[in-house]
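Okay, so here's the structure we're looking at.
The values are calculated or read from the model by the stated rules, or taken from the named source; none is laboratory data. What you are looking at is a predicted structure, and each value in this text was computed from that prediction instead of being measured. Positions of Cβ are backbone-derived with ideal geometry, glycine not excepted, and every protein chain shown enters the neighbour counts. Areas reflect the complete protein model, heavy atoms only, side chains present, ligands, DNA and RNA absent. Shrake-Rupley method; radii C 1.70, N 1.55, O 1.52, S 1.80 Å.
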Amino acid sequence: PVWEAVQQMEEMASWEGLDSLAKLRRGMEQILPVDTVELLARKYYPTMQSVRGGRFEIGETGSMDWIGEKIDSIIVTLSDFELGKTELTVHQYFLYTEKEKKSMTRAPSWGLLGNNPLVNVNWWEALAYANWLSEAQGLSPVYTFPAGYEDSVQVNWEANGYRLPTEAEWEYAAGGGS
């Protein structure tokens, strides 16, 4: 029964006029049991994990920067933030490419299979996905791309939408929040 629900979800995701994941979820709640809707939501939406902010040392004293100059570590203070519990999956990105009529990323040697982590996506594609996901869930997009500036992006730190973690956030979370 769950597999049939997954197929039904994928068919519904391709309906014309279905302009948000929130509407898709509301539609699913009308035809499927709640536990199945939750299962599908986990498949197509990232599950976020709260990370308590704090102070930590970033960098390594005496290391070299990208141009070969010595740098010192610094103490960084982070506010609380959220981070996806897992990498973005093929399923999650596939919904975006279908809705936006974009091509799927180049397949790695193991293929583009369901819950595998998505690979071969560049930074610009990641920003576009974050904005799309924000809008699909009724949140404010974080990134804007000024007209005429192909390689430029502006970040609205006050927006409540999805965004990529900063280098400091990523290092802090990867170190277990310490």
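Setting aside same-chain residues fewer than 8 positions from LYS85, which lysines have a Cα under 19 Å from its Cα?
Answer for LYS85, where 19 Å is the Cα cut-off: LYS43, listed by chain and number.
Quick one: with all protein chains in place, what share of the accessible area of the range 38-178 is carbon or sulfur, to the nearest percent (1.4 Å probe)? All intermediate terms of the calculation are to be shown ahead of the outcome.
Details: 4600 of 9150 Å².
The computed percentage sits at 50.
Sticking with the crude label model, points 7 Å out along Cα→Cβ, report the distance from ARG52 to LEU164 in nm, one decimal please.
2.9
Within 10 Å, count the other beta carbons around each residue, average over each peptide in 70-79, 150-159, 132-141, 89-98, and list them highest first. Present the calculation step by step, with values, prior to reporting the outcome.
Details: 70-79: 12.0, 150-159: 10.3, 132-141: 17.4, 89-98: 18.9.
Per-residue mean Cβ counts within 10 Å order the peptides as 89-98, 132-141, 70-79, 150-159.
Compute the convex hull volume of the Cα atoms of the range 120-172, divide it by the residue count, and report the result per residue in Å³ as a whole number.
Details: hull volume 5.4 nm³, N = 53.
Dividing the Cα hull volume of the range 120-172 by its residue count gives 101 Å³.
Once you wrap a convex hull around the alpha carbon atoms of the range 34-178, what is its projected area averaged over all directions, in nm²?
Its Cα hull, projected and averaged over all orientations, spans 11.8 nm².
So what are the range 73-116's ellipsoid semi-axes, whole angstrom, largest first, if each one is the square root of 5 times an eigenvalue of the alpha-carbon gyration tensor? All intermediate terms of the calculation are to be shown ahead of the outcome.
Values: eigenvalues 188, 40, 24 Å².
Whole-Å semi-axes of the equivalent ellipsoid: 31, 14, 11.
Report the extension gain between VAL119 and SER103 in nm, rounded to one decimal, defined as 0.36 nm multiplied by the number of residues separating them, less their alpha carbon distance. Walk me through the numbers before you get to the answer.
Working: separation 16, 0.36 × 16 = 5.76 nm, distance 1.37 nm.
Result: 4.4 nm gained on full extension.
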